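Q: Quick one: this structure, given as structure tokens, is what I'll be asking you about.
The values are calculated or read from the model by the stated rules, or taken from the named source; none is laboratory data. Small disclaimer: the values here were computed from a predicted structure and weren't measured. Cβ placement follows ideal geometry from the backbone for every residue including glycine, while neighbour counts extend to all protein chains displayed. In case anyone asks, the SASA skips ligands and DNA or RNA and just uses the protein heavy atoms, side chains included. Shrake-Rupley method; radii C 1.70, N 1.55, O 1.52, S 1.80 Å.
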Amino acid sequence: MRTATIERKTSETDISITLNLDGSGKAKLDYPIGFMKHMLNTFAKHGLFDLEVMARGDLEIDQHHLVEDTGIVLGQCFAKALGDKRGIVRVGSCLFPMDETLVRVSADVSGRAFMMFNAQLSGIPLISAPVQRTNNQGIASESASFQTDIVEDFWQGFTSTAALTLHLEILYGRNDHHKIEALFKAAARALRQACEIDSRAAETIPSTKGTIG
């Protein structure tokens, strides 16, 4: 099983993520930002990744620290679960339509961290109704809005620690919710394809160098 658990605790955030690359898309999420929780669930479902996330952060300041650090920890999980990348397809891409929006994502598990992000987001926060949920500490409120400008920071954190090349493009669209959701779905499917084991080369590393790292 290609799995990993990473914990990151700083003065700003406390995050624990467990990832199974060969899962079935199950997600167990204890996350205080409602929209981001929705995106992580979508990412697990479309990537067929089993994902467990527990996260807390300094939301009294803003959402940036928690969302960026979540990307960092998720990327670390990918890097650890992939190991020496033996047998993987290595590259993947997805063109994903969501109503009026069309998104393209291409991934290369190259060992080199690079991100191209062309999202054309408005920068206007998405507003939703406040949500209260019961957990083992009692009643907890989930953040009722989402700062769309930090989507790029999430993916930058992810690519930097996963050590891969990721091109994320929103080709066109109107609704920021659709744009961001299609981006997560396309990224999940591109990464799923890239991380799958190639049945024709299951014992080899997909690089003429003989190593990826």
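Q: Skipping prolines and chain starts, which residues have an amide H placed within reach, meaning under 5 Å, of the one on LYS26, given they are 5 or more residues away or on another chain?
A: Residues meeting the amide H criterion: ASP50, LEU51.
Q: Right, something else. Explain nothing, just the number: dipole magnitude of segment 28-99 about its Cα centre with +1 on each Lys and Arg Cβ and -1 on each Asp and Glu Cβ, in debye rounded to the nearest 20.
A: My answer is approximately 520 debye.
Q: Within 13 Å, Cβ to Cβ, of LYS28, how many net charges do the neighbouring residues add up to if Lys/Arg are +1 and Asp/Glu are -1?
A: Local charge sum for LYS28: 0.
Q: Work through the residues other than ALA119 whose Cβ is under 13 Å from its Cβ and net out their charges, Lys, Arg +1 and Asp, Glu -1.
A: That works out to -4.
Q: What list of ³J(HN,Hα) values in whole Hz, one per residue of segment 40-50 in order, does the Karplus curve 6.51 cos²θ - 1.76 cosθ + 1.60 (θ = phi - 60°) give from phi, with Gly and Pro shown as x?
A: 5, 5, 4, 4, 4, 4, 7, x, 6, 9, 7
Q: When a/c reaches 1.5 or more, the comparison of a/b and b/c decides; with that in mind, is segment 35-75 rounded, prolate or oblate per its Cα gyration tensor?
A: Since a/c reaches 1.5 and a/b is larger than b/c, the shape of segment 35-75 is classed as prolate.
Q: Using a 1.4 Å probe, what is the accessible area per residue for the chain, in Å²?
A: Counting only protein heavy atoms, the per-residue value for the chain is 47 Å².
Q: Take the solvent-accessible surface of the protein heavy atoms, probe 1.4 Å, and return the percent of it on segment 37-89 that carbon and sulfur atoms account for.
A: C and S fraction of accessible area: 51 percent.
Q: Please figure out what share of the DSSP beta bridges in segment 4-74 is antiparallel and state it in percent, rounded to the nearest 5.
A: Around 80 percent of the beta bridges assigned by DSSP in segment 4-74 are antiparallel ones.
Q: Something else about it: Considering only protein heavy atoms and a probe of 1.4 Å, how much of the accessible area of segment 173-213 is carbon and sulfur, as a whole percent?
A: Result for segment 173-213: 43 percent of the exposed heavy-atom area is carbon or sulfur.
Q: Which of the peptides 41-49, 185-193 is most tightly packed, and how do the rest follow, judged by the mean count of other Cβ atoms within 10 Å per residue?
A: 185-193, 41-49
Q: Under a Cβ-Cβ cut-off of 12 Å, what is the net charge of the residues other than GLY213 that fall near it, where Lys and Arg count +1 and Asp and Glu count -1?
A: My count for the surroundings of GLY213 gives +3.
Q: Per DSSP H run of n ≥ 4, the term is -39500 (n - 2.57); total these for the chain, divide by its residue number, and report the mean residue ellipticity at 222 nm rounded to 500 deg cm²/dmol.
A: Result for the chain, helices only: -10000 deg cm²/dmol.
Q: Hey, quick one: spin label on THR204, modelled 7 Å out along Cα-Cβ, who in segment 59-91 has an amide N within reach, i.e. under 12 Å?
A: Taking a point 7 Å out along Cα→Cβ of THR204, the residues of segment 59-91 whose backbone N falls under 12 Å are 87-88.
Q: Under the classification rounded if a/c is under 1.5, otherwise prolate if a/b is larger than b/c and oblate if not, where does segment 16-56 fall, given a ≥ b ≥ c as square roots of the Cα gyration tensor eigenvalues?
A: oblate
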